[in-house]
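Structure first, then comments.
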Amino acid sequence: MPGEIGIGRLAKSAGVGVETIRFYQREGLIAVPPKPPGGQRRYAPETALRIGFVKQAQRLGFSLAEVKSLLLLEDGQSCRETRALAQRKLEAIRARIADLQRMRRTLAGLIAECESGKRPRRCPIIGSLSRQVPPRLGA
């Protein structure tokens, strides 16, 4: 077909490596074009746009499984389902931020304890990490 390109040119135009394209094919994110006898697979130039879609979704924190779901909705007619998926991702990001803030406070407190000038019998950081902590239920 006129305008179709090889995998190397597709990779360059999409800003990814050839192995990324092959990985996306194995994962079902992009189609594997037929290979003519004795020839190379040729890709429609629009495949680069689909790869861009995948990469942008990943930058927003979507997993490859979630990207697959988004690709099923890419016709733009399923805004409710797309919004629900995005809302779940936003909630997960907010929970992760809360976890990171808690970790930051804990580490800052332990570092401050180390820098207090007092000579503790045991390093507060090592002591904190060595404590037996019961496993979280449901984790």
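The values are calculated or read from the model by the stated rules, or taken from the named source; none is laboratory data. Computed from a predicted model, the values in this text were never measured in an experiment. Cβ: placed from backbone, ideal geometry, glycine included. Neighbour counts: every protein chain shown.
Of all residues in region 13-52, count the ones that are more than 19 Å from Val67 (Cα to Cα) and surrounded by 14 or more Cβ atoms within 10 Å (Cβ to Cβ).
6
Working only within region 41-58, note down all residues that are without any contact (Cβ under 8 Å) to a residue 12 or more places away in the chain and in a loop (DSSP other than H, G, I, E, B). Full working, then the answer.
Going through region 41-58, the residues without any contact (Cβ under 8 Å) to a residue 12 or more places away in the chain turn out to be 46, 49, 56, 58.
Glu46, the sole residue that qualifies.
What are the residues in region 96-127 that are within 31 Å of the chain's Cα centre (by Cα) and small (Gly, Ala, Ser), if any?
Result: Ala98, Ala108, Gly109.
One residue is enough: does region 83-90 have a residue meeting the conditions outside the structural domain of Ser13 (by TED's automatic domain parsing), among the hydrophobic types (A, V, I, L, M, F, W, C), surrounded by 14 or more Cβ atoms within 10 Å (Cβ to Cβ) and more than 28 Å from the chain's Cα centre (by Cα)?
No, every residue in region 83-90 fails to be outside the structural domain of Ser13 (by TED's automatic domain parsing), among the hydrophobic types (A, V, I, L, M, F, W, C), surrounded by 14 or more Cβ atoms within 10 Å (Cβ to Cβ) and more than 28 Å from the chain's Cα centre (by Cα).
With the requirement that a residue be under 15 Å from Arg88 (Cα atoms), in a helix (DSSP H, G or I) and without any contact (Cβ under 8 Å) to a residue 12 or more places away in the chain, what does region 59-72 give you?
Ala65
Regarding region 94-107, can at least one residue be identified that is of a type outside the set (Val, Ile, Thr) and assigned to a loop (DSSP other than H, G, I, E, B)? Before you say what the answer is, go through the steps one by one.
Residues of region 94-107 of a type outside the set (Val, Ile, Thr): 94-96, 98-105, 107.
Subset that is assigned to a loop (DSSP other than H, G, I, E, B): none.
No, region 94-107 has no match at all.
Note down all Cβ pairs under 7 Å where the first residue falls in region 1-26 and is closer than 10 Å to Tyr43 by Cα, the second is acidic (Asp, Glu) and surrounded by 14 or more Cβ atoms within 10 Å (Cβ to Cβ), and they're at least six residues apart or on different chains.
Taking only residues 6 or more apart or on different chains, not a single pair turns up.
Residue check: is Tyr43 among the aromatic types (Phe, Trp, Tyr) and within 21 Å of Gly3 (Cα to Cα)? Before the answer, list the steps.
Details: among the aromatic types (Phe, Trp, Tyr): yes; within 21 Å of Gly3 (Cα to Cα): yes.
Considered against the rule, which asks whether it is among the aromatic types (Phe, Trp, Tyr) and within 21 Å of Gly3 (Cα to Cα), Tyr43 comes out as yes.
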